1. At what distance in angstrom do the alpha carbon centres of segment 5-41 and segment 102-139 lie from each other?
2. Taking Cα atoms, how many degrees apart are the long axis of helix 66-79 and the longest axis of the chain, rounded to 10 and kept between 0 and 90?
3. Please work out the Kirkwood hydrodynamic radius for the chain, using every pair of different C-alpha atoms, and report it in angstroms with one decimal place.
4. Rounding to the nearest 20 debye, state how big the charge dipole of segment 6-98 is about its Cα centre with +1 on each Lys and Arg Cβ and -1 on each Asp and Glu Cβ.
5. Note down the net charge around I125, summing +1 for each Lys or Arg and -1 for each Asp or Glu among other residues with Cβ under 13 Å from its Cβ.
6. Mind sorting L18, L32 by how few other Cβ atoms lie within 10 Å of their own Cβ, fewest first?
7. Give a quick list of trypsin sites (Lys or Arg not before Pro) in segment 62-149 that DSSP marks as loop, anything other than H, G, I, E or B, with at most 11 other Cβ atoms within 10 Å.
8. Relative contact order for the chain: what is it in percent, counting Cα pairs under 8 Å that are at least 6 residues apart?
Amino acid sequence: GPAAGCADVRGVRGEIFLVRAPDVRLARPVRLLHPRHNVYIVPRRDHHFIIGASEIESEDRSPVSLRTTVELLAAAHSVLPGLAEARIVHTETNLRPALRDNLPLIEQAAGLTRINGLFRHGWMIAPAMTARAIRQAGIPFPASGASAA
């Protein structure tokens with residue numbers, strides 16, 4: 001079928017929290033896959049953790065909702081009970097780019113490459129999507145895990 005194009009990108013509301021929990025030790029991101037709550041906890045410097053994220057079919061950028069606060073933070077606390085005394089340092093709301101099927105899309109034309117619709121998985125799949133776009137453009141690029149030497 002025809003390419004989706006930028007006009008088909010919609011925003012999906014996502015809310016996240018930055019908390020500080022000096023007593024919590026976490027070396028890598030953790031994700032809870034639950035029928036009702038998809039929560040991730042990402043360790044940052046100085047005992048900070050990002051907790052996210054809501055997924056709401058809306059382009060509303062108003063402050064974080066009470067519902068999201070209660071649900072996400074309770075889910076994160078169930079994964080890491082040590083978060084009980086964490087301090088909420090910052091909240092943020094923004095929109096994730098998504099297409100109708102919620103799948104990413106690479107569009108290429110002479111001198112132009114667009115990657116859209118990375119949705120809630122952007123930070124995880126951006127490197128692979130970039131490598132795919134480079135290969136599709138006919139530019140030599142090492143396969144995943146291959147040495148560039």
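Taken together, the values in this text are just the output of simple stated rules run on the coordinates, not laboratory data. All values reported here derive from a predicted model rather than from experimental measurement. FYI the Cβ positions are ideal-geometry reconstructions off the backbone, even for glycines, and counts take in every protein chain you see.
1. Each part reduced to its Cα centre gives a spacing of 22 Å.
2. Helix 66-79 sits roughly 80 degrees off the main axis of the chain.
3. Details: mean 1/r = 0.0574 Å⁻¹.
For the chain, inverting the mean 1/r across all distinct Cα pairs yields 17.4 Å.
4. Numbers: 13 positive and 11 negative charges, 62 e Å.
The dipole magnitude comes to about 300 debye.
5. Overall, the nearby charge balance is +3.
6. Details: L18 18, L32 15.
Ascending Cβ contact count within 10 Å gives the list L32, L18.
7. Values: sites: R67, R87, R100, R114, R120, R132, R135; in loops: R100.
Qualifying residues, ordered by number: R100.
8. Numbers: 252 pairs, mean separation 38.8, N = 149.
Across the chain, relative contact order equals 26 percent.
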